[in-house]
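To start, the structure under review is shown below, and the notes come after it.
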Amino acid sequence: MSVGIDLVLSIIVILIVIVAVSIIWPLLLGAAWSPTSVRIVDRMLEMAEIVSGDIVYDLGSGDGRIVVEAARKYQAKGVGIEVDPLRVIWSIINVYIMRLNGSVRILWGNIFHQDISDATIVTLFLWQRTNQKLKKKLLSELKPGTRVVSYIWTFDDWIPVSADEYNRVYLYIIGEST
Ligand SMILES: C[S@@+](CC[C@H](N)C(=O)[O-])C[C@H]1O[C@@H](n2cnc3c(N)ncnc32)[C@H](O)[C@@H]1O
């Protein structure tokens, strides 16, 4: 009986630790999870003028909705980078259910430590201070002409080539805005 109770208690503690890590880790590294609505995802991809040859990186990809939509609707390639293990598992399952595993990759890791140099579009919904910290990486790894679309948050000193102030979506182009 006590072995049974010990096992249940251990499982509960492990679950609490996993959930705590998945909430606290993103807060420490960049931004809390908050999903972008389907309407805004469409607006972000539309402002980036996405086409089928594009390689879209979503930095902090949450449940993978942006890269899934880029592949499903526009036949682009998608790479989602996400630090929260629960959301990584969730998005990988979603990618398989949608049969997009040939065109979408979900990577578990910190966006600051992943190579993003083959991106042609980068999407972001992080925090202002995280965007600021990312500037150096974006400038050193992305090719001129790469479109960077940020929801809500901007980049100090960069000038957006277009801004949808109503929806708070901002498009930057490496080499033009920077
Ligand atoms: C506001 S949510 C946006 C999710 C998704 N991009 C969307 O638009 O629906 C921010 C996401 O970034 C992730 N995140 C924050 N900092 C990160 C980091 N340094 N590396 C990887 N993911 C990070 C969080 O776990 C969270 O899922």
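Readers should treat all values here as calculations from the given coordinates under stated rules, not as data from a laboratory. This one's a predicted model, so the numbers in the text were calculated from it and none came from an experiment. Heads up, the Cβs are rebuilt from the backbone with ideal geometry, glycines too, and the neighbour counts pull from every protein chain shown.
Structure above, values below:
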read-out: Folded to 0 to 90 degrees: helix 2-29 orientation relative to the chain principal axis, Cα; value: 20
read-out: Mean projected area in nm² (Cα convex hull; one quarter of hull surface) for the stretch 38-173; value: 7.4
read-out: Dipole of the chain [Lys/Arg +1, Asp/Glu -1 at C-beta], most positive-end residue of N131, P35, V51; value: V51
read-out: Inter-centroid distance (Cα atoms) of the stretch 1-80 relative to the stretch 127-167, Å; value: 20
read-out: Rounded to 10°, Cα long-axis angle of helix 65-74 versus longest principal axis of the chain; value: 50
read-out: Between 0 and 90°, nearest 10: helix 38-47 axis offset from the chain longest Cα axis; value: 30
